[in-house]
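Visitor: If you scroll down you'll find the structure; I have some questions about it.
Quick note: the coordinates plus some simple rules give every number you see, no bench work behind them. The shown structure was predicted, so the numbers you read here are calculated from the model rather than taken from an experiment. No Cβ is skipped: glycine too gets one built from the backbone with ideal geometry, and neighbour counts run over all protein chains shown.
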């Protein structure tokens with residue numbers, strides 16, 4: 001396949017994804033529905049555009065003994081979101097790829113820990129749509 005044809009196919013696919021994402025409604029707006037079931041939002045919406053690697057990175061602290069739920073959302077339904085949680089040494093603590101790309105994860109840490117949360121479009125084509133991270137906790 002010639003280089004020009006590859007670029008035409010890539011541009012066409014990118015355009016279709018962008019148009020389709022806009023026509024399907026804003027799933028970011030319905031992201032907070034995943035915090036039901038007794039979880040209360042921390043009051044912040046973490047929104048970012050992915051970088052050139054289709055990845056958005058967030059830093060947060062989780063306090064020991066609290067029950068948390070993190071949620072990852074985007075307006076693009078056709079491309080799964082990869083949700084990964086690392087400690088500050090980049091040890092992987094959780095990845096939703098092994099759980100059919102579930103948009104949320106419930107967890108409790110025994111002690112307070114700083115974490116890096118990465119949300120990534122699991123796709124080779126650059127996606128410019130924003131992603132949202134929500135953090136909720138269970139009231140004691």
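Visitor: Of (1) touching a residue at least 12 places away in the same chain (Cβ under 8 Å); (2) surrounded by fewer than 19 Cβ atoms within 10 Å (Cβ to Cβ); (3) out of contact with any strand residue (DSSP E or B) (no Cβ under 6 Å at 6 or more places or on another chain), residue 43 satisfies all except one. Which?
Guide: All conditions pass for residue 43, except number (1).
Visitor: Please name all residue pairs, on different chains or six or more residues apart, with Cβ atoms under 9 Å, provided the first residue is in the stretch 82-105 and is on the phi > 0 side of the Ramachandran plot and the second residue is part of a loop (DSSP other than H, G, I, E, B).
Guide: Correct list of pairs: 100/80; 101/80; 101/122.
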